[in-house]
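Scroll down for the structure; my scribbles are underneath it.
The values are calculated or read from the model by the stated rules, or taken from the named source; none is laboratory data. Not measured: the values here are computed from a predicted model. Positions of Cβ are backbone-derived with ideal geometry, glycine not excepted, and every protein chain shown enters the neighbour counts. SASA here: full protein model, heavy atoms, side chains in, ligands and nucleic acids out. Shrake-Rupley method; radii C 1.70, N 1.55, O 1.52, S 1.80 Å.
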Amino acid sequence: WSSELSKLTANAFLAQRISSINSISALCEKTEADVDEVAFAIGKDSRIGSKFLNASVGFGGSCFKKDILNLAYLCSYYGLEEPAAYWESVVDLNEWQERRFVRKMLTTMFNTISDKKIAVLGFAFKADTGDTRESPAITVVRELLEENANVVVSDPKALKNARNDLSDVLDRVEFEEDVYKAVEGAHALAIVTEWKEYKDLDFDRILASMKKPACIFDGRNILNHQELFDKGFNVFPIGKSAMSHF
């Protein structure tokens, strides 16, 4: 039992850190704090450390959610309802963060994204893989479709799996490996996976091809926000003040 619980608990603790910093990212946006500065400061505390404190659109992958829910099930099975609810809340917060990302897009774009083209850049749950299991992009795309957006998905490796994950809505989603084609005519682009290729895109070319006002929603905080704002983008990071020309 100690061995079994060690494996579940390790992943649960790591996911808990992500959900914790994501909860603070929402507060940072309200107070005009910077979540990276908060994470850096608390990471300097040797009791906490700096790992798994990157605010984002949410965690994915095959292990975190599964292991947390297994841990919650064991707690509930043995009559420990409060600990079960505690661990379930880590998953609930992650799903809330995914939905919050889309709500930010909606409210920013004048409370409607109906018939607006949104380019979702990245579908894998993390960079350098085609794995889309429990990827935040699944929720993001489905939430965008609920708002009747025109969604195009781009990813260097995960488009095949993305089509499988969205098999019931294939008629409503475009898939485009070429980022520049994906963003052409888009009202907004959303970074959902931290592919290093996205840092080096020709954003002058992208801005010229997008509808105006052009918005970037950086769900991984990987871009140079000031530089993009200076180019003319409206930039909306996670856990930081928006940089808008509106």
Only one of 130, 122 is within 19 Å of residue 219 (Cβ to Cβ), surrounded by 24 or more Cβ atoms within 10 Å (Cβ to Cβ) and not acidic (Asp, Glu); which? 122
Here is a check on your reading of the model: is residue 198 touching a residue at least 60 places away in the same chain (Cβ under 8 Å), part of a helix (DSSP H, G or I) and either in contact with an Asp or Glu (Cβ under 9 Å, 6 or more places away or on another chain) or open to solvent by less than 10 Å² (accessible area, probe 1.4 Å) (or both)? yes
Note on segment 77-103: residues out of contact with any Leu (no Cβ under 9 Å at 6 or more places or on another chain) and not in a helix (DSSP H, G or I) are 78, 79
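Out of 177, 227, which single residue is more than 26 Å from residue 94 (Cβ to Cβ), over 21 Å from the mean Cα position of the chain (by Cα) and of a type in the set (Asp, Glu)?
227
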Residues that are surrounded by fewer than 16 Cβ atoms within 10 Å (Cβ to Cβ) and of a type outside the set (D, E, K, R): does segment 179-188 have at least one? yes
Yes or no: residue 198 in contact with a strand residue (DSSP E or B) (Cβ under 8 Å, 6 or more places away or on another chain) and of a type in the set (Ser, Thr, Tyr)? yes
Residues of segment 159-171 satisfying the condition of being open to solvent by 70 Å² or more (accessible area, probe 1.4 Å) and touching a strand residue (DSSP E or B) at 6+ places or on another chain (Cβ under 7 Å): 163
List every residue pair whose Cβ atoms sit under 6 Å apart, with the two residues 6 or more apart in sequence or on different chains, where the first one lies in segment 230-246 and is on the phi < 0 side of the Ramachandran plot and without any contact (Cβ under 8 Å) to a residue 40 or more places away in the chain and the second, anywhere, is of a type in the set (A, V, I, L, M) and open to solvent by less than 20 Å² (accessible area, probe 1.4 Å). 233/214; 233/216; 235/216; 235/228; 243/235
Extreme residue, surrounded by the fewest Cβ atoms within 10 Å (Cβ to Cβ), among residues of segment 138-158 that are under 17 Å from the mean Cα position of the chain (by Cα) and assigned to a helix (DSSP H, G or I): 145
Could you please tell me which pairs satisfy a Cβ distance under 7 Å, a separation of 6+ or placement on different chains, a first residue in segment 79-90 that is free of Cβ contacts under 8 Å to residues at least 24 places away in the same chain, and a second residue that is surrounded by 13 or more Cβ atoms within 10 Å (Cβ to Cβ) and among the aromatic types (Phe, Trp, Tyr)? none
What's the number of the condition residue 106 fails, among (1) open to solvent by 10 Å² or more (accessible area, probe 1.4 Å); (2) under 22 Å from residue 196 (Cβ atoms); (3) assigned to a helix (DSSP H, G or I); (4) of a type in the set (A, V, I, L, M)? (2)
What are the pairs, 6+ residues apart or on separate chains, where a residue within segment 144-171 that is more than 15 Å from residue 187 (Cα to Cα) has its Cβ under 6 Å from a residue that is among the small types (Gly, Ala, Ser) and surrounded by fewer than 18 Cβ atoms within 10 Å (Cβ to Cβ)? 157/130; 158/130; 161/130
Within segment 109-127, residues touching a residue at least 40 places away in the same chain (Cβ under 8 Å) and either part of a loop (DSSP other than H, G, I, E, B) or in contact with an Asp or Glu (Cβ under 8 Å, 6 or more places away or on another chain) (or both) come out as 109, 113, 116, 121, 122, 123, 124, 125, 126, 127
Among the residues in segment 64-76, are any in a helix (DSSP H, G or I), surrounded by 13 or more Cβ atoms within 10 Å (Cβ to Cβ) and under 17 Å from the mean Cα position of the chain (by Cα)? yes
Find the residue count for segment 159-198, including only residues that are hydroxyl-bearing (Ser, Thr, Tyr) and more than 21 Å from residue 131 (Cα to Cα). 1
